[in-house]
Amino acid sequence: PLPCPPSEEDGVSELVSRGVHIALAGLFMFGLIQRTLDPSHGWCELLDVVCRKNCQAHKEIRFGFLSRSNTFRLPGLLEELLMSQFLSFRELQPEFEEASGSPVVSRFACLDCRQLSLESPKVRGLRATCGLHFHFFAEEDDVHDVLAPMSEHWHEKDQATMSAELSGDWCTAASLNGRRLSSVPGDLQILFEPGGVLHGRGCDEFDPVHEFSIAGFWTAEMVFMRKIASNLSVDLLGFFQPDGCIRGTWLIDTRTGGFWAWKGRPRFATYASFASASGAEGVGDVP
């Protein structure tokens with residue numbers, strides 16, 4: 001799902017030639033199966049980076065994971081891993097329920113991700129887990145539309161410039177039960193405000209006639225927003241990648257999985273007609 005790595009040598013090709021990515025993937029899956037995995041350890045982050053920068057590593061890790069997925073119930077274990085990571089995010093005020101005698105997070109009372117930092121091992125660990133969800137389940141077209149590219153150094157600009165570049169139409173996909181879903185979270189039209197607040201609207205394939213609202217917060221490193229529909233709400237915590245795409249996790253009730261987002265034209269007919277008629281500036285009208 002990623003462009004081929006840059007032409008300049010960054011050391012990743014050497015690691016892949018030595019099979020380091022295979023060893024890291026083995027450690028990841030063994031720890032997942034044994035329920036001893038701690039994503040805050042640096043090698044999980046290294047596996048994510050290697051897959052992001054090297055096409056060969058990405059393809060081999062994806063194949064290795066999916067070929068063992070059913071045998072070892074890996075999708076369910078991935079969901080358990082994410083849920084265990086949520087428990088430590090006290091800054092976001094997690095709300096708990098009991099499941100099989102253990103606490104699980106059902107939602108977060110606070111969406112303000114501006115109080116989180118990638119200096120924290122737990123935040124970097126969650127970013128790595130979200131990245132691996134993308135590597136396992138995303139498709140080749142889950143990248144920015146060629147008509148809506150992000151500038152090369154977008155994250156190094158001032159917040160007002162970043163907000164203008166990030167605002168607009170976004171496409172999303174998600175992972176659930178070991179497979180990719182293109183129908184949810186849906187097509188989003190988001191306004192990123194310079195102060196770190198975002199809001200917008202969207203539509204998914206399950207109910208293309210009715211829009212849902214989006215509200216949340218963002219920084220140059222991450223975004224935390226809530227999809228609010230008539231019959232449900234979904235928390236979406238994601239991390240910006242160097243190219244401006246988002247890789248993250250969704251939470252609804254006590255279920256979770258991965259999601260990812262990229263800038264692109266709306267895919268669902270009703271919303272596509274609305275978006276083309278209103279333009280990106282229409283996002284600002286959403287409360």
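The values are calculated or read from the model by the stated rules, or taken from the named source; none is laboratory data. Remember, predicted model here, so these are calculated numbers, not experimental data. Note that we place each Cβ from the backbone using ideal geometry, even for glycine, and neighbour counts take in every protein chain shown. SASA here: full protein model, heavy atoms, side chains in, ligands and nucleic acids out. Shrake-Rupley method; radii C 1.70, N 1.55, O 1.52, S 1.80 Å.
Per-structure values
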{"quantity": "Pairwise label distance in nanometres, CYS55 with GLU139, each label 7 Å out on the Cα-Cβ vector", "calculated": "1.9 nm"}
{"quantity": "Accessible carbon and sulfur surface of the chain relative to its total accessible area, %, 1.4 Å", "calculated": "54 percent"}
{"quantity": "Ordering of 258-267, 42-51 by packing [mean C-beta count within 10 Å, highest first]", "calculated": "258-267, 42-51"}
{"quantity": "Accessible area per residue in Å² at 1.4 Å probe, computed on the chain", "calculated": "45 Å²"}
{"quantity": "Phi-based couplings in Hz for segment 71-85 (Karplus 6.51, -1.76, 1.60; Gly and Pro marked x)", "calculated": "4, 10, 6, 5, x, x, 5, 5, 5, 4, 5, 4, 4, 5, 5"}
{"quantity": "Rounded tilt (10° steps) of 269-278 against the dominant C-alpha axis of the chain", "calculated": "60 degrees"}
{"quantity": "Farthest positive-ward along segment 102-236 dipole, Cα basis, beta-carbon charges - from ALA128, ALA164, VAL197", "calculated": "ALA128"}
{"quantity": "Amide H contacts under 5 Å for VAL184, placed H, 5+ residues apart", "calculated": "ALA174"}
{"quantity": "Other-chain or far-sequence residues with amide H under 5 Å of PHE96's (modelled H)", "calculated": "SER106"}
{"quantity": "Whole-Å semi-axes of segment 1-131's equivalent ellipsoid (Cα gyration tensor)", "calculated": "29, 19, 11"}
{"quantity": "Among 191-204, 96-109, the order from most to least packed when residues are scored by Cβ within 10 Å on average", "calculated": "191-204, 96-109"}
{"quantity": "Reported label for calculated Cα Rg over 2.2 N^0.38 Å given (1) 1.02; (2) 0.97; (3) 1.79", "calculated": "(2)"}
{"quantity": "Lysines whose Cα lies under 21 Å from that of LYS53, excluding same-chain neighbours fewer than 8 positions away", "calculated": "LYS263"}
{"quantity": "Long-range HN-HN contacts of PHE192 with modeled amide H, under 5 Å", "calculated": "SER167, GLY168"}
{"quantity": "Using θ = phi - 60° and Karplus 6.51 cos²θ - 1.76 cosθ + 1.60, couplings along segment 91-99 (whole Hz; Gly, Pro as x)", "calculated": "4, 9, 6, x, 9, 10, 10, 9, 9"}
{"quantity": "Spin-label pair ARG179/THR254, simplified geometry with 7 Å Cα→Cβ offset, distance in nm", "calculated": "2.5 nm"}
